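Visitor: What follows is a structure written as structure tokens; I'll ask about it next.
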């Protein structure tokens, strides 16, 4: 019986075509900065600062969502916790933003905190959905293999939760980019793409081009990273 490794990309041409996609938004941004008479370094710095905030928030949300999902996806704890989490995800997130601003002001902490509570729910419920696919035969196999501690996470929970984690990441980060721009504008961040959109709020053409540039960045990230990871995770599940 041959064991086939799961690869992210089907071929070198697939990888090359995917990598080329990431070049498009940067070419667009460079052309856009020239057209709008913007400093290229400032525009790229704002984009990197915002991406950094989103990345930190994503890591925090992913770790918290995974731990919560593993703890509360079944049993008596699930009966109590899941309805509460369902109510919390339905709560209007922007209602919390004024409280966060009062606590931390116009800081990175405020932006990151708001992004965490935006991203965490798609992650949590997607991971819970993956965990609910566990059947009795799988659990019995894990017990027979005497998987405990880190080995249990690596060989059992890990492969099972990866598809849900990746699906939740795609959804959560999609909402996160939208929340990022709005939050940076509302809290009055002095840098980041929110400050850029705020500065050109009265210029429809520049704003439209800026939106197109941001969408191209998001599309490229999804195409380059998340969609190949999603396909890889499904192949990985098929091998286990």
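Visitor: Any idea which of (1) at pLDDT 70 or above; (2) closer than 17 Å to residue 223 by Cβ; (3) surrounded by fewer than 15 Cβ atoms within 10 Å (Cβ to Cβ) is the one residue 25 doesn't satisfy?
Guide: The number of the failed condition is (3).
Visitor: Name every residue in segment 29-50 that is surrounded by 13 or more Cβ atoms within 10 Å (Cβ to Cβ) and in contact (Cβ under 8 Å) with a residue 40 or more places away in the chain, in order of residue number.
Guide: 29, 32, 36, 43, 45, 46, 47, 49, 50
Visitor: For residue 131, which of the numbered conditions (1) surrounded by 13 or more Cβ atoms within 10 Å (Cβ to Cβ); (2) modelled with pLDDT of 90 or more fails to hold?
Guide: Result: residue 131 fails condition (2) only.
Visitor: Just give me the residues in segment 196-217 being touching a helix residue (DSSP H, G or I) at 6+ places or on another chain (Cβ under 8 Å), surrounded by 15 or more Cβ atoms within 10 Å (Cβ to Cβ) and more than 17 Å from residue 184 (Cα to Cα), in sequence order.
Guide: Once the filter is applied, which keeps residues that are touching a helix residue (DSSP H, G or I) at 6+ places or on another chain (Cβ under 8 Å), surrounded by 15 or more Cβ atoms within 10 Å (Cβ to Cβ) and more than 17 Å from residue 184 (Cα to Cα), segment 196-217 yields 209, 213, 216, 217.
Visitor: How many residues does segment 87-108 contain that are assigned to a helix (DSSP H, G or I) and either surrounded by fewer than 12 Cβ atoms within 10 Å (Cβ to Cβ) or out of contact with any helix residue (DSSP H, G or I) (no Cβ under 8 Å at 6 or more places or on another chain) (or both)?
Guide: Result for segment 87-108: 7.
Visitor: Please verify whether residue 71 is surrounded by 12 or more Cβ atoms within 10 Å (Cβ to Cβ), in contact with a helix residue (DSSP H, G or I) (Cβ under 9 Å, 6 or more places away or on another chain), under 23 Å from residue 161 (Cα atoms) and without any contact (Cβ under 8 Å) to a residue 12 or more places away in the chain, treating the condition exactly as stated.
Guide: So residue 71 fits the description; yes.
The values are calculated or read from the model by the stated rules, or taken from the named source; none is laboratory data. Computed from a prediction, not measured in an experiment: that's the story for all the values here. In this analysis, Cβ positions are derived from the backbone assuming ideal geometry, glycine residues included, and neighbour counts consider all displayed protein chains.
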